[in-house]
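**Student:** Pasting in a structure now, in structure tokens, and then I'll have a few things to ask.
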Amino acid sequence: MLSRRRLLVALLAARGAREALAASPSASPVALAFPRDFGAHPASRIEWWYVTGALEAAAKTWGFQITFFRAATGIAGAETSAFRADQLLFAHAAVTDLGNAHLLHDQRIARRGFGIAGASTDDTGVTLRGWRLDRAGGTGASRYRAVAASETAGFGFDLALEATQAVLLQGTGGLSQKGPDRAQSSRYYSEPQLAVRGTLALGRAAPLEVAGRAWLDHEWSDSLLDASAVGWDWIGMNLDDGAALTVFRLRRADGTTLWAGGSHRPAGGETRNFAAAELAFEPGRRWASPASKASYPVEWTIATPLGRLAVKALQDDQELDSRASTGGIYWEGLSQLFDAGGRRLGRGYLEMTGYVSRLVL
């Protein structure tokens with residue numbers, strides 16, 4: 001079995017072999033087809049399934065996230081031997097314990113195969129050392145199951161997530177531009193307003209029955225970040241009226257916006273995509289991480305076609321150190337959305353990358 005260090009070396013070496021991969025499917029105009037596109041796309045260089053949400057029980061609230069990453073190594077001849085790493089799988093899972101102002105998180109990494117890690121190409125079915133995200137429902141509404149547990153971090157969850165709305169295709173029919181060059185795009189869809197039920201275990205206490213709302217993103221690409229981008233700021237919000245809001249920007253080293261985008265879909269309505277020029281991001285109150293020394297804006301004001309919106313983290317310390325898997329440190333946490341008058345509009349996740357060092361994909 002490859003060690004984590006050797007897996008990372010293999011991934012770094014593969015960056016020099018990217019030209020050997022097939023042309024980017026993310027730049028293709030071919031329409032997404034489900035359930036096939038719920039599954040993995042091994043010809044694309046990088047892919048992730050990302051689930052975030054809020055859980056509630058006994059008047060308490062927790063945030064949770066589980067993310068599976070798949071990366072094609074581009075190592076020549078890897079497909080001919082099970083012992084060569086043609087695909088690497090990474091996973092992050094976390095629980096925001098608001099009551100104790102603490103973030104519990106863990107990470108995993110393995111090469112594809114040997115029953116240890118894999119990603120189905122037929123439908124969502126990603127596994128990594130006992131953690132998993134599976135989808136049922138065929139051509140109908142999605143039903144997911146997300147399972148993760150960590151003895152070292154002291155958390156575990158087993159959650160059923162059911163779609164209450166149609167799949168939301170981000171960008172133009174699921175082709176989402178991520179930079180000034182149109183080739184800097186991804187195939188990208190979301191499943192907002194997922195109804196969640198299941199169990200949450202914290203420490204040695206008995207598992208709690210929890211319920212809540214979640215959001216799923218699935219994205220894959222070969223060419224995502226412009227050379228001048230160091231990272232991104234992203235929000236995915238389940239609004240209280242049933243709508244879904246996505247807003248993101250790619251950020252330069254000086255903090256200015258290189259590119260921006262997103263969408264808004266009212267409950268039962270049509271999706272409106274935002275042009276880059278329609279969005280403006282203003283960082284507000286910052287939190288300095290005692291671990292990484294990075295300074296993160298944990299409050300934001302964002303000018304949008306819907307008006308000026310405020311994003312506020314529900315807990316400052318939601319920084320994840322993933323240097324043992326994907327290699328970076330980033331902030332990702334449960335947050336709330338407010339209108340200009342201070343009225344709460346919804347709840348979801350804020351993600352900020354590239355504040356410690358440039359994000360490398």
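The values are calculated or read from the model by the stated rules, or taken from the named source; none is laboratory data. Being a predicted model, the structure only gives us computed values, none of them experimental. Glycine also receives a Cβ, built like all others from the backbone with ideal geometry; neighbour counts cover every protein chain displayed. When the accessible area is computed, the model is the full protein with side chains, heavy atoms only, and any ligands, DNA or RNA have been set aside. Shrake-Rupley method; radii C 1.70, N 1.55, O 1.52, S 1.80 Å.
**Student:** To the nearest 0.05, how large is the calculated FRET efficiency for Arg129 and Ser295 if R₀ is 51 Å and r is the Cβ-Cβ distance?
**Tutor:** The formula returns an efficiency of 0.90 here.
**Student:** GluC sites (Glu not before Pro), restricted to the range 252-341: which are DSSP loop and have at most 13 other Cβ atoms within 10 Å?
**Tutor:** Taking the range 252-341 and a limit of 13 other Cβ atoms within 10 Å, the loop GluC sites (Glu not before Pro) found are Glu270.
**Student:** Could I ask something else about it? Can you list residues from other chains, or at least 5 along the same chain, whose modelled amide H is less than 5 Å from the amide H of His102?
**Tutor:** So His102 has HN proximity to Asp97.
**Student:** For Ser120 and Asn100, compute 0.36 nm times the residue count separating them, minus their Cα-Cα distance, and round to one decimal in nm.
**Tutor:** So the extension gain works out to 3.5 nm.
**Student:** Turning to a different aspect of this structure: Would you kindly find the accessible area of Lys60, with a 1.4 Å probe and non-protein molecules such as ligands, DNA and RNA excluded, rounding to the nearest 10 Å²?
**Tutor:** Answer for Lys60: close to 120 Å² accessible.
**Student:** Right, next: For the range 33-43, just list the computed ³J(HN,Hα) in residue order, Karplus coefficients 6.51, -1.76 and 1.60, θ = phi - 60°, integers in Hz, with x standing in for Gly and Pro.
**Tutor:** 10, 10, x, 3, 7, 6, x, 7, 10, x, 6
**Student:** Okay, next question. Go ahead and run the numbers for FRET between Arg358 and Ala206, Cβ-Cβ distance against an R0 of 45 Å, rounding to 0.05.
**Tutor:** Calculated value: 0.55.
**Student:** Work from the charge dipole of the range 302-355 (Cβ charges, +1 for Lys and Arg, -1 for Asp and Glu, about the Cα centre) and give the residue of Thr304, Gly333, Leu320 farthest towards its positive end.
**Tutor:** In the range 302-355, that residue is Thr304.
**Student:** Turning to a different aspect of this structure: By how many nm would the segment from Glu151 to Arg182 grow when fully extended, if each residue of separation counts as 0.36 nm and the alpha-carbon distance is taken off?
**Tutor:** 6.8 nm
**Student:** Kindly give the semi-axes, whole Å and largest first, of the ellipsoid equivalent to the range 150-289, taking each as the square root of 5 times a Cα gyration tensor eigenvalue.
**Tutor:** Square roots of five times the eigenvalues give 30, 21, 15 Å.
**Student:** Now a separate question. If you take the beta carbon distance between Arg323 and Ala277 as r and set R0 to 45 Å, what does 1/(1 + (r/R0)^6) give as a FRET efficiency, to the nearest 0.05?
**Tutor:** 0.80
**Student:** Return the loop-located GluC sites (Glu not before Pro) in the range 140-231 (DSSP other than H, G, I, E, B) with at most 11 other Cβ atoms within 10 Å of their own Cβ; answer none if there are none.
**Tutor:** Glu151
**Student:** Here's something else I'd like to know. For all pairs of alpha-carbon atoms in the range 282-350, what percent lies in each bin of width 10 Å, listed from the first bin to the last filled one?
**Tutor:** Going out from 0 Å in 10 Å bins, the range 282-350 shows 20, 46, 24, 9, 0 percent.
**Student:** Rg over Rh of the range 144-186, using C-alpha atoms and the Kirkwood radius, what does it come to?
**Tutor:** Ratio value, two decimals: 1.26.
**Student:** How large is Rg over Rh for the range 114-190, taking Rg from the Cα atoms and Rh as the Kirkwood inverse mean of 1/r across Cα pairs?
**Tutor:** Rg/Rh for the range 114-190 comes to 1.07.
**Student:** Out of Thr139, Gln165, Phe155, whose Cα points farthest toward the positive end of the dipole of the range 107-218 (charges: +1 Lys, Arg; -1 Asp, Glu; placed on Cβ)?
**Tutor:** Phe155
**Student:** In nm, give the distance between the simple-model label positions of Leu32 and Thr199, each being 7 Å from the Cα along the Cα-to-Cβ direction.
**Tutor:** 3.3
**Student:** Please work out which option in (i) 19.2, 56; (ii) 21.3, 65; (iii) 19.2, 60 gives Rg and Dmax of the Cα atoms in Å calculated from these coordinates, and answer with its label.
**Tutor:** Computed from these coordinates, Rg and Dmax of the Cα atoms in Å corresponds to label (iii).
**Student:** With each run of n ≥ 4 DSSP H residues scored as -39500 (n - 2.57), what mean residue ellipticity at 222 nm is computed for the chain after dividing by its residue count and rounding to the nearest 500 deg cm²/dmol?
**Tutor:** About -1000 deg cm²/dmol.
**Student:** So how strong a dipole does the range 270-329 carry about its Cα centre when Lys and Arg Cβ are +1 and Asp and Glu Cβ are -1, to the nearest 20 debye?
**Tutor:** With only Lys, Arg, Asp and Glu charged at Cβ, the dipole is about 120 debye.
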